[in-house]
Amino acid sequence: MIGPDKICAVVAAAGAESMWRQLVSAAKESRTIELRLDWLADDQEISRFLAKLAGKPPNATMLATCRRRSAGGRYRGSIAKQLVHLTDALRAGCAWYDLEVESASLCPPELLDVVLGQGRRLVSAHFFKAMPPSLSKVAAKLERDKPDGVKIAARCDSLRECRKLADFGRKRKNLIVIPMGDIALPARILGLRENNGFAYAPVENATAPGQVDLHELREVYRAASLSQKTRVYGVIGNPIGHSLSPELHNAGFAARDMDAIYLPFLIERLADFVESIHPLGIKGFSVTIPHKERILDHLAGCDPLARQIGAVNTVAVRGDGKLYGYNTDYVGVLETLKKRVRLRGSRVLIVGAGGAARAVAFALAKAGASVCICARRQKKARVIAQAVGGTLVDWDRLPHEFFDAIVNATPVGMHPLTDASPLEARDLNCRLVFDTIYRPRMTKLLQLAERRGIETVSGVEMFVAQGVAQWEIWTRKRAPVEAMRRAVFAALRNEEKLQKTK
């Protein structure tokens with residue numbers, strides 16, 4: 001509706017030079033660009049940027065936004081000055097301007113026609129705290145003066161609210177609906193499947209909660225090619241921001257040229273996700289903390305091994321819409337450890353008592369290892385130990401025990417809380433330490449082990465192995481393992497480089 005590309009690159013910076021640099025970058029990836037003038041430090045920086053824009057506008061459809069603070073923007077000036085900047089932006093080459101309803105309602109339509117008549121008007125309303133009680137009333141207010149387009153951006157605290165907003169937007173031709181918030185991230189992307197779908201993607205600085213940056217949206221998710229035929233997969237968990245599963249699985253789809261997408265779903269209420277599977281067209285999903293055991297209640301069937309383990313990390317949605325569960329963590333553990341340890345007859349300590357710990361325990365027991373469990377949750381640890389014929393080990397006994405290997409199956413030390421470790425250095429009396437966490441590659445636990453001269457194994461190998469098994473369950477094709485592995489390692493290397501520059 002606004003420009004030739006549904007993905008609108010968002011340019012936002014405090015200085016005119018940084019703003020221009022972002023604009024040049026944006027023009028390489030999208031022909032629809034929003035200029036967030038309100039992010040510039042002051043009126044002088046706005047004027048400086050627009051003067052440069054007028055001299056060399058890019059070959060793109062540009063939307064100028066100078067949102068005032070009362071509407072969730074950053075501009076501190078008056079409405080009169082806001083209109084001046086938008087007028088200058090139109091003269092500099094912008095075809096559209098976004099005027100928030102707070103300002104638009106205080107300006108007579110005749111004035112806007114005189115001052116900004118050369119541009120196309122998008123009137124917007126933003127609800128950063130919650131979904132408005134009546135979307136129809138909001139739309140009616142926005143459409144009152146017959147603008148060229150209207151936009152409603154609203155915080156969504158559940159997938160149900162995301163669906164409600166999307167359903168409302170589907171009924172109106174010139175309406176853009178934008179779900180906001182971390183829970184809404186996948187809905188933002190899936191909205192591009194609609195005829196009037198539109199998504200804002202920042203070049204560098206996110207301007208609203210739940211945005212995905214431009215490069216990631218285009219390269220990792222291949223969102224520009226989404227359609228109603230695109231098969232949807234994802235990972236559910238809480239937290240979920242650390243997951244590199246989207247890089248892993250989307251790389252596989254790209255390598256096999258498949259029309260499919262894999263998205264991260266931050267899920268607080270499992271029932272909310274289950275209710276959304278059919279409406280969103282989800283064909284399969286990964287399961288991580290804390291839903292690996294809870295998901296069992298929603299399955300129509302389960303692989304016998306996964307049922308025995310009592311935890312599921314992979315779900316396939318069959319043609320009848322029913323859910324079937326599997327556990328590929330089991331595969332990942334064996335693929336990782338059997339290359340380094342002779343498991344039969346070895347004594348292995350597992351730290352943790354959750355779904356991941358159960359999978360590790362069953363894998364090691366089946367391979368002939370003597371399994372020991374150590375966890376804060378003694379009751380759950382005892383259940384796992386009994387299920388695999390293992391033994392419990394008290395925390396205060398660890399400095400006096402020896403193991404062939406120690407496996408961390410807890411989230412302690414996972415990004416972003418990377419300074420934490422589930423064990424102290426004195427507890428590491430073993431030949432090998434394996435941390436199932438893969439982000440970061442070198443966790444605090446592995447650092448402690450390395451200083452003591454103990455062999456270390458990152459969770460990356462397990463992560464790739466279990467993900468490959470998931471991919472093949474869903475697609476029933478051979479996975480492009482190397483392409484998937486390269487994508488994960490590239491993401492981790494980029495992250496490590498960024499950490500070093502901070």
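Readers should treat all values here as calculations from the given coordinates under stated rules, not as data from a laboratory. Owing to the predicted nature of the structure, the values given are computational and were not obtained by experimental measurement. Every residue, glycine as well, gets a Cβ built from its backbone with ideal geometry; the counts of neighbours run over all protein chains shown.
Just want the ordering: Met258, Met1, from fewest to most Cβ atoms lying within 10 Å of their own Cβ.
Met258, Met1
How do Phe434, Phe253, Phe402 line up, fewest other C-beta atoms within 10 Å first?
Arranged by neighbour count, lowest to highest, Phe434, Phe253, Phe402 become Phe402, Phe253, Phe434.
Under a straight-distance cross-link criterion of Cα-Cα below 24 Å, which lysines are reachable from Lys477, leaving out those fewer than 8 residues away in the same chain?
Cα-Cα hits under 24 Å: Lys229, Lys283, Lys322.
Relative contact order of region 377-453, please, whole-number percent, based on alpha carbon pairs below 8 angstrom and at least 6 residues apart.
Relative CO of region 377-453 lands at 29 percent.
Could you give the Stokes-Einstein D for region 7-227 in µm² per second, using the C-alpha Kirkwood radius, 4 °C, 1.567 mPa s?
74
Debye calculation, C-alpha points only, no solvent: report log10 I(q)/I(0) for region 330-458 at q = 0.09, 0.19 Å⁻¹, in the same order as the q values.
-0.21, -1.03
Sequence-distant or interchain residues sharing an amide H contact under 5 Å with Leu263, placed H: which?
Amide H neighbours of Leu263: Tyr233, Gly234, Val235.
Could you compute the net charge surrounding Lys322? Neighbours are other residues with a C-beta less than 15 Å from the C-beta of Lys322; K and R count +1, D and E count -1.
-2
Which length gain, in nm to one decimal place, applies between Glu204 and Lys379 when the Cα-Cα distance is subtracted from 0.36 nm times their residue separation?
Result: 58.3 nm gained on full extension.
Report the FRET efficiency, 1/(1 + (r/R0)^6), for Phe128 and Thr391, where r is their Cβ-Cβ distance and R0 is 51 Å, rounded to 0.05.
So the FRET efficiency works out to roughly 0.45.
Show the residues, 5+ positions off or on another chain, whose built amide H is closer than 5 Å to the amide H of Ala64.
Amide H neighbours of Ala64, under 5 Å, 5+ apart: Leu35, Trp96, Tyr97, Asp98.
Tally the DSSP beta bridges in the chain and give the antiparallel ones as a percent, rounded to 5.
Here the antiparallel bridges make up roughly 10 percent for the chain.
What do you get for the angle between helix 79-91 and the principal long axis of the chain? Use alpha-carbon atoms, 0 to 90 degrees, nearest ten.
90
Using helices alone, what [θ] at 222 nm do you get for the chain, with -39,500 (n - 2.57) per DSSP H run of 4 or more residues, divided over all residues and rounded to the nearest 500?
Helix-only estimate at 222 nm: -11000 deg cm²/dmol.
Taking the Cα atoms of region 251-375, what is the range of coordinates along each of the three principal axes, in descending order and whole Å?
Largest first, region 251-375 extends 49, 34, 25 Å along its Cα principal axes.
Check the straight Cα-Cα distances from Lys6 and name the aspartates and glutamates below 19 Å, setting aside those fewer than 8 residues away within the same chain.
Here the aspartates and glutamates satisfying the reach criterion relative to Lys6 are Glu29, Glu34, Asp98, Asp148, Asp167, Glu194, Glu204, Asp213, Glu216, Glu219, Asp259.
For region 7-63 and region 305-343, what is the separation of their Cα centres, given in Å?
If we compute the Cα centre of each part, the gap is 48 Å.
On a straight-distance basis, which lysines could pair with Lys56 in a cross-link, Cα separation under 17 angstrom, same-chain partners fewer than 8 positions away excluded?
Cross-link targets: Lys28.
Grab the other residues whose beta carbon is less than 11 angstrom from that of Gly15, score K and R as +1, D and E as -1, and report the net.
-1
Just to confirm the number: angle between the C-alpha axis of helix 16-27 and the first principal axis of the chain, 0 to 90 degrees, nearest 10?
Between helix and principal axis, roughly 70 degrees.
If exposed GluC sites (Glu not before Pro) are those in a DSSP loop with at most 12 other Cβ within 10 Å, what is the longest stretch of the chain that has none?
Formally, the longest exposed-site-free interval is 1-267.
Below 8 Å, C-alpha to C-alpha, sequence gap of six or more: please give me the relative contact order for the chain in percent.
9
Provide the net charge surrounding Val115, with neighbours chosen by a C-beta distance below 13 Å and charges set as Lys +1, Arg +1, Asp -1, Glu -1.
Its environment carries a net charge of 0.
Calculate the spin-label point distance for Arg493 paired with Lys173, positioning each point 7 Å from the Cα along the beta-carbon direction, and give it in nanometres.
5.1
What is the spin-label model distance, in nm, from Arg294 to Arg160 if the labels are put 7 Å beyond Cα along the C-beta direction?
With each label point 7 Å from Cα toward Cβ, the separation is 1.5 nm.
Can you tell me how the chain classifies by the Cα gyration tensor, rounded, prolate or oblate, using a/c under 1.5 as the rounded cut?
Prolate shape, in that a/c is at least 1.5 and a/b is the bigger ratio.
Arrange the following residues from fewest to most other Cβ atoms within 10 Å of their Cβ: Cys162, Cys8.
With the fewest neighbours first, Cys162, Cys8 line up as Cys8, Cys162.
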